[in-house]
Each structure stands twice: as C-alpha cells, then as structure tokens.
Amino acid sequence: MTWLNSLSYGSGGWGDELLHGLGVTLALALATFPFAIVLSFLIHWAKVSRYRPVRMFGRAYTTVFKSLPEILTLLILYYQSQAIVSWLVTAVAPGSHLSISPFVAGMMSLAFVISAYGSEVVRGALNAVGKGQFEAASSLGLSPFHAFFKVILPQLWRHAIPGFGNLWVILLKDTSLVSVITLFELTHVATLAINTTRQPFLFFGLIAIIYVLLVTLSTRAQKQIEKRVSRGFIREENGDV
Amino acid sequence: MFELYFGEMARWNDGLILTAVMSTLSVVIGFFVALPIALARSKSKGIPGWLALGYVNVFRGVPLLVLMFLIYYGSGQFSRELRSIGLWWFFRDAYYCGLLALVLNTAAYQAEIIRGSLDTIATSVLETNAALNLTRWTSFRRVLLPIAFAKALPPLGNEYILMVKATSLLAIITVFDLMGQARMIFSETFDLRVYYIAAAHYLVLVLLIEWVLRRVEARIKWMA
C-alpha cells in the first residue's frame, strides 16, 4: 500500500506533518475566537453609540468586512500591516527588522470578518434578553458596567450560542484561507505533501474528511451546550423560550 | 491609484464580468441541484432523506478552497481514467472545476434554506390543496414552491452575496476573476493599491446586489 506509506508517521510519511498542521489550524481558530467575540460586542456598541461618528464607524466596519471576500481582507491586512510595521521600525530604529507573521495576520483578518457578523448575533441576543432587564438593573442603582456583567451577560449567552456556534464553524473553515499566505496549517501542509508525493486526491480528500469531522464535532458539541443551557426553560414550537 | 485602474481598465472589467457570471451561474445551477435535496430533507424519512442529510453535512463541512483543490488538482491523479471515459475535457479546465465546486457548495446551503421555508408552510395550505383536489405534483409546483421561494428569498439573496465573495477563491486555481486579475496586476506592479481597487469593486458589487434584492423582496413580500 504505497498510499498508506505516504501517510505514515515519521520521516518517510506526512502523518506527523499533517498532525502538526491540524494543531496549527485549531490553534489559529481557538486564538481568534475570543478576540472575535469581544470585537463583536464592541462593534455592536459602536453601532448603537450615542455619538454619530462612532455609529458611522460601526456601520462602515460591518459593511466593509461583510462585503469583501475573506481572502482579499487577508491579503490586504497581511501586506499592509507588513508595510506599516517596517515603516515604523525604520522610523524608530533604523537598520533593525521586524515582520508580521502569517499567524498574526490571519488572526487579525479572521477576527475582523467574524466580528462583523458577530455584532449582529450580539444584537439579536440583546434583543432577546430585552431592554427591561437593563432598565430594572439601573433602577436598582447598578452602574451600566455592573448591569451588563451581572445581569445582562449571564442571560445573554444562552441566546448567543446558536449564532456564535455558526460563526465558530465558519471560522474553522476559513482558517484554510490562511494557507495562501503560507501559514503551515492543514491545507498548506497538504499542498506541500502533494508537491513531493504527487497524490493530490489522497491528501486533499483526507483533509476534507478532517474538516468535515471537525465541523461535525463542533455542531454536536454546540447542540449539547444548547441543550444544557436551556434547562429549566420551556421550549416552544420553533426556537427557545 | 487612477493609473492602476484606468491603465488596466480592460482587465478589471474582464474580471468583474467573470466574477458576476461565475457567481450567478453557480447560484442558479445550485438552486436546481438544491431543490430535490431540500425536498428529500423535508419530506422523506427514508434513504433519500439520509442521503440528502449526508450531502448537506459533507459539503457544508468542507472549506470551499479545499473542495476546489480536491476537484481541480485531485482529478489529475485520475487523468488516465477520466480520459478513457471522456470526461477529461471537464476536469482539465479550472473554470469547469471551479464552477462545479461552487455549485456543490452552494447547493448544500441553498437546500437547507429551501427546506427551512418548506417546513414553515402551514399545514392548512396542504389541506386546502387536498380539498381542491390538486395532485401532489401540482400542489408542489403551483402552490408550495412559489410560497417557499418567496419565503426563502432573503436568505437566498444572502447566499448570492456569499457566492460573489466565494468566487474570489477561483483565483487560487488560476481563474481570472476579479481577484485573479488583481493578483496578476499585483505580481506585475507590487503595488498594494491594486488590492484596494479590487476591494472597491467587491464593495460596489455587493452593495448593488443588496439594493436590488431589497427592491425585489419588497415586491413579493405579500406572498411570504
């Protein structure tokens, strides 16, 4: 079985490299997601801010990052941040060298794109919690800060899980795009393996299966969490509460 | 900035047209692929339902880029077999392979959208159709499908926009859509502004489609 050989673990096969690539893929997705969630809240607040320029910024942010193809966002951010950093470095300390890694560039652009969609998840979840909760909290004398963290947030995340779960799946699949700027994640490792083994169907088929498994596992986990957090709430025909 | 656009106007326009054509083709073909899958998901409890579920889960789980690589480069591993059954002309061409990947991908998403809207049609509509003595086929074609379509239009419009963005991945398998032309011009000039021009194209294209969709939705809202 020559094809099994090329997947073996060790110097002869690509098994260990693929495993490493899988690790990078997961690391990228896991590192990006918390940023994306926090950014989602910030962008939502920007969109409902009392200051017009801030509102306009929030709207422009979502429009731009929802309209541009992820790969274009990635390339622009990668090259542009590279240019800015090297310009800064020559301004501050001429002669030294600093560059943005593909991992950081991928993290930034994926977080921007996901948070553009995430801000709408936040809006929906906040609507589901209702304004009354915030009003009740502030009439009890809680500061907006405390009202949010002590009253709204504990109720909010139950409504946000389906939306953020979907975004997690999108994020997981979008990490494959970062292979274009040569990050050694799953897809890029597969292309490298194909360059030497000449078995494109085997390797791309294999990583396709890995992605499907990751997505299936994620949705399973999401269903479990949804079930768990909606304990004690009456389920209606379509949707929760 | 201007010379990068006006100097290369012909290429930008070619790219724009190809992006529009590929995304529209894939959404339209994908819709007709999605219809039977959605029906199987919505109405069948047996093997067709399971197959449809499998299709949807697989093609929504694979990143589009990987699917394109799998079809375009992966088919190369079977070039002799494909030649002997006379399908090589199809898999040799990046345009056809890319279109196939886009169609397979969007069909999975559209099937779920259509299934969702089929499932929300009230049972009273079905009962009315039975009372009017419509056959199941007539009932589906003349009543359920139009209602389902009107209900599904907003998410289908979203899917169209997602496909416009997704066509940019074609550039990676050497198709000269908007993104492909941008990459080409960038490789000649090494001027980052090339990508900003491409971004402006996508922005205008998506905003334009959103505007048109809003108008169409407003017209057929009564049906949904």
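The values are calculated or read from the model by the stated rules, or taken from the named source; none is laboratory data. Treat the numbers as computed from the prediction; the structure is a model and nothing was measured. Cβ placement follows ideal geometry from the backbone for every residue including glycine, while neighbour counts extend to all protein chains displayed.
Is it the case that some residue within segment B:123-131 is out of contact with any Ser or Thr (no Cβ under 9 Å at 6 or more places or on another chain), surrounded by fewer than 20 Cβ atoms within 10 Å (Cβ to Cβ) and not in a helix (DSSP H, G or I)? Within segment B:123-131, none of the residues are out of contact with any Ser or Thr (no Cβ under 9 Å at 6 or more places or on another chain), surrounded by fewer than 20 Cβ atoms within 10 Å (Cβ to Cβ) and not in a helix (DSSP H, G or I).
Does B:SER75 qualify as being under 23 Å from A:ALA208 (Cα atoms), among the polar types (S, T, N, Q) and touching a helix residue (DSSP H, G or I) at 6+ places or on another chain (Cβ under 7 Å)? Lay out the reasoning, then the answer.
On the way: under 23 Å from A:ALA208 (Cα atoms): yes; among the polar types (S, T, N, Q): yes; touching a helix residue (DSSP H, G or I) at 6+ places or on another chain (Cβ under 7 Å): yes.
Yes.
In the set (1) without any contact (Cβ under 8 Å) to a residue 40 or more places away in the chain; (2) surrounded by 18 or more Cβ atoms within 10 Å (Cβ to Cβ); (3) away from every other protein chain (no Cβ under 12 Å), A:PRO200 fails one condition alone, (3). Within segment B:83-106, none of the residues are crowded, with 21+ Cβ neighbours inside 10 Å and without any contact (Cβ under 8 Å) to a residue 12 or more places away in the chain. Condition check for A:LEU18 on (1) within 14 Å of chain B (Cβ to nearest Cβ); (2) surrounded by 15 or more Cβ atoms within 10 Å (Cβ to Cβ); (3) without any contact (Cβ under 8 Å) to a residue 12 or more places away in the chain: one failure, at (3). B:ALA171 fulfils the conditions (1) at the interface with another protein chain (Cβ under 9 Å from one of its Cβ atoms); (2) not in a helix (DSSP H, G or I); (3) not polar (S, T, N, Q) except for a single criterion, (2).
Residues considered: A:VAL129, A:VAL104. Of these, the only one that is more than 14 Å from every other protein chain (Cβ to nearest Cβ), at pLDDT below 95 and within 15 Å of the chain's Cα centre (by Cα) is A:VAL104.
Determine the pairs where a residue that is farther than 10 Å from B:PRO154 by Cβ, located within segment B:208-224, has a partner that is hydroxyl-bearing (Ser, Thr, Tyr) and surrounded by 10 or more Cβ atoms within 10 Å (Cβ to Cβ) with Cβ atoms under 7 Å apart, the partner being 6 or more residues away or on another chain. Correct list of pairs: B:ILE209/B:TYR160.
Can you work out which of the residues in segment B:37-61 that are surrounded by 14 or more Cβ atoms within 10 Å (Cβ to Cβ) and within 14 Å of chain A (Cβ to nearest Cβ) is farthest from B:SER168 (Cα to Cα)? Ranking the qualifying residues of segment B:37-61, first place goes to B:LEU53.
Within segment B:174-212, take every residue that is under 18 Å from B:VAL21 (Cβ atoms) and part of a loop (DSSP other than H, G, I, E, B) and give me the one that is nearest to the other protein chains (Cβ to nearest Cβ). Selected residue: B:ASP177. Is segment A:115-122 home to any residue that is within 14 Å of chain B (Cβ to nearest Cβ), among the small types (Gly, Ala, Ser) and in a helix (DSSP H, G or I)? The answer is yes; a qualifying residue exists.
Considering only residues of segment A:53-73 that are in a helix (DSSP H, G or I), facing chain B (nearest Cβ under 10 Å) and not β-branched (Val, Ile, Thr), which is farthest from B:THR19 (Cα to Cα)? Before you say what the answer is, go through the steps one by one.
Of segment A:53-73, the ones in a helix (DSSP H, G or I) are A:53-67, A:70-73.
Now restrict to residues that are facing chain B (nearest Cβ under 10 Å): A:63-64, A:66-67, A:70-73.
With the extra rule that they be not β-branched (Val, Ile, Thr), the set shrinks to A:66-67, A:70, A:72.
Numbers: A:LYS66: 17, A:SER67: 14, A:GLU70: 15, A:LEU72: 14 Å.
Once the filter is applied, the top-ranked residue is A:LYS66.
How about segment A:185-198: which of its residues are touching a helix residue (DSSP H, G or I) at 6+ places or on another chain (Cβ under 6 Å) and not in a helix (DSSP H, G or I)?
Filtering segment A:185-198 down to residues touching a helix residue (DSSP H, G or I) at 6+ places or on another chain (Cβ under 6 Å) leaves A:185-190, A:193-194.
If the condition is that a residue be touching a helix residue (DSSP H, G or I) at 6+ places or on another chain (Cβ under 6 Å) and not in a helix (DSSP H, G or I), then A:GLU185 is the only one that fits.
If you check B:ILE121, B:ILE172 for being modelled with pLDDT under 90 and of a type in the set (A, V, I, L, M), only one passes: B:ILE121. Only a single criterion out of (1) without any contact (Cβ under 8 Å) to a residue 24 or more places away in the chain; (2) touching a Leu at 6+ places or on another chain (Cβ under 7 Å); (3) away from every other protein chain (no Cβ under 11 Å) is not satisfied by A:ALA208, namely (3).
Would it be correct to say that A:LEU88 is of a type in the set (A, V, I, L, M) and free of Cβ contacts under 8 Å to residues at least 12 places away in the same chain?
Details: of a type in the set (A, V, I, L, M): yes; free of Cβ contacts under 8 Å to residues at least 12 places away in the same chain: yes.
So A:LEU88 fits the description; yes.
Listed by position, the helices (runs of 4 or more DSSP H) enclosed by segment B:57-98 that each have at least 3 residues that are more than 23 Å from the chain's Cα centre (by Cα) and at pLDDT below 95 are B:79-84.
On the stretch given as segment A:79-99, residues that are away from chain B (no Cβ under 14 Å) and either under 23 Å from A:LEU177 (Cα atoms) or touching a strand residue (DSSP E or B) at 6+ places or on another chain (Cβ under 6 Å) (or both) total 1. Would you say B:ALA34 is small (Gly, Ala, Ser), away from chain A (no Cβ under 14 Å), buried (at least 16 other Cβ atoms within 10 Å of the Cβ) and free of Cβ contacts under 8 Å to residues at least 60 places away in the same chain? No: the conditions fail for B:ALA34.
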